[in-house]
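Student: Here you go, one structure.
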Amino acid sequence: MSRSTANMKRRRKKTRSKQQAVIHAAHRSAMITGQNKTVQATTFVPSMEQQPTRSAIKASLPPLTSSPAKREKINDWKPVFQQYITRCNQAETEQHSHRVSEFTLDQLHNQRLNERLARSRERDLYRGAHVAGSETKAEILSVNELEQEVVLNAKLYIKRKIAQDDQYYFEERIDQERIWLAKEENGWKITRVEPNTPERKPRYASTTVDWGSFSEVEEEDEPIISKPYLNPDLISHFRNTSNMTRYRREQAVAYADAWWNKPNSQYEEFEANCTNYVSQCLFAGEAPMLYTNRRDSGWWYKGRQQKGKEWWSYSWAVSRSLTAFLSRARSKGLRAVEVERADQLELGDVIVYDWNGNNTFQHSTIVTAFDSKGQPLVNANTVASRHRYWDYQDSYAWTPSTRYRFFHIHDYL
């Protein structure tokens, strides 16, 4: 082999080695680039093997936010609650309970509702009245949602149109109920209903106030002031110059209609607020307070004092003590005469209720209107009511032992 031929072979071998080196380097570069993509994917997008572990951890913790599908699944009891309200409204209109009793599983409540509606139906038949229409709205005050059970507190705003002797009036009230729903195989069911009857829970009922001794407490004697005798009928200048104040019945009624379903921030609001509300109405009618600075006497209100001290008379806020106050004879100030029948009352007069018939009066209302038969319609505030028929047989608080006392407020106080 000549020298030129040997040199040509060596140059071909070097060229082949360089090409292989270039090809190998290019392939190595592609592999590095591919590794970088895999690392980035593992860092930002979990692999399928890692997802189950991550999902299990998430499921064990409450989610910070729910997806629309999750929210829809959690709230799937709401249509059942809405249907319950619709059926309650139908029951109020028809005054029959079957619309509700065929829908709920609480037999005790179904019986309780049936008895209440039956009383209302018989009473309205007797007075020649019937329900011409009804509207019920619901407000959820609180809700506790579990996987298989929901417990909620709700307000039911009920407005009924009452027809009587070709005349109409509207009656309104706000009931409260606690409702239990349970999830069963075929969906959510209402398993329990408890009406709230705060008018059966008088203020201070659980305290150590001795009501027996309170009924015997005497009012402070009014000072006797010597005055010359004058016959005002003979001297025109002295006619109607008494220090007494006229009871403004229309003002008391206007206040009662303005505040029947909301608290007046100028006064304390109680859980059992009926007598506090009635006292406010009487005061709005210019009934003068009788200040004694003793909580067990007089009829007065000064509000909550320093360190939260309650500074008002029991008679201002407690039905039984207001009953005792109105029962006593006095020559001036807020005073009343007890009458035998409800139809003897006038606007701005007071009715008190003893649900158990044991002389413990627990509820107070004020007369704000009359039906076409001359029977009183009343306002109240514990279970907020406007133009409600006075006997309360449409209330869960009513019992066959219920007793009433009717107080006609004097025209001059």
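Student: Restricting to the range 268-293, name every residue that is without any contact (Cβ under 8 Å) to a residue 40 or more places away in the chain and farther than 23 Å from A254 by Cβ.
Tutor: The answer is Y291, N293.
Student: With respect to the numbered conditions (1) closer than 21 Å to I179 by Cβ; (2) crowded, with 19+ Cβ neighbours inside 10 Å; (3) touching a residue at least 24 places away in the same chain (Cβ under 8 Å); (4) of a type outside the set (S, T, N, Q), which one is the sole condition not fulfilled by V100?
Tutor: (3)
Student: Separate question: For the range 238-247, state whether one or more residues are farther than 23 Å from T323 by Cβ and modelled with pLDDT of 95 or more.
Tutor: yes
Student: Among the residues that make up the range 355-367, is at least one of them surrounded by fewer than 23 Cβ atoms within 10 Å (Cβ to Cβ), in contact with a His (Cβ under 6 Å, 6 or more places away or on another chain) and modelled with pLDDT of 95 or more?
Tutor: Looking for residues that are surrounded by fewer than 23 Cβ atoms within 10 Å (Cβ to Cβ), in contact with a His (Cβ under 6 Å, 6 or more places away or on another chain) and modelled with pLDDT of 95 or more, one finds none in the range 355-367, hence no.
Student: I'd like to know if the range 264-279 contains one or more residues that are under 32 Å from the mean Cα position of the chain (by Cα), surrounded by fewer than 14 Cβ atoms within 10 Å (Cβ to Cβ) and modelled with pLDDT under 90.
Tutor: yes
Student: Search the range 338-354 for residues that are surrounded by fewer than 19 Cβ atoms within 10 Å (Cβ to Cβ) and pair each with any residue that is of a type in the set (G, A, S) when their beta-carbon atoms are under 9 Å apart and the residues are at least 6 apart or on different chains.
Tutor: Hits for this filter: E338/S327; D343/G374; L347/A252; L347/A369.
Student: Condition check: surrounded by 14 or more Cβ atoms within 10 Å (Cβ to Cβ) and in a helix (DSSP H, G or I). Does E135 satisfy that?
Tutor: Taking the combined requirement at face value, the residue does not satisfy it.
Student: Here's another thing I want to ask about it. Taking only the range 309-337 into account, find how many residues are under 33 Å from the mean Cα position of the chain (by Cα) and over 17 Å from V278 (Cα atoms).
Tutor: Adding up the residues that qualify gives 3.
Student: Which of the residues belonging to the range 145-193 are among the acidic types (D, E) and in contact with a helix residue (DSSP H, G or I) (Cβ under 7 Å, 6 or more places away or on another chain)?
Tutor: Matches in the range 145-193: E145 only.
Student: Take the residues in the range 174-193 that are charged (D, E, K, R) and assigned to a strand (DSSP E or B); name whichever of them is surrounded by the most Cβ atoms within 10 Å (Cβ to Cβ).
Tutor: D175
Student: Going by what's in this entry, would H109 be described as at negative phi, assigned by TED's automatic domain parsing to the domain that holds N153 and free of Cβ contacts under 8 Å to residues at least 40 places away in the same chain?
Tutor: Against the criterion (at negative phi, assigned by TED's automatic domain parsing to the domain that holds N153 and free of Cβ contacts under 8 Å to residues at least 40 places away in the same chain), H109 does not qualify.
Student: Give the residues of the range 370-404 that are hydroxyl-bearing (S, T, Y) and either outside any strand (DSSP E or B) or free of Cβ contacts under 8 Å to residues at least 60 places away in the same chain (or both), sorted by residue number.
Tutor: S372, T382, Y392, S395, Y396, T399, S401, T402
The values are calculated or read from the model by the stated rules, or taken from the named source; none is laboratory data. None of the values given here were measured: they were computed from a predicted structure. Glycine also receives a Cβ, built like all others from the backbone with ideal geometry; neighbour counts cover every protein chain displayed.
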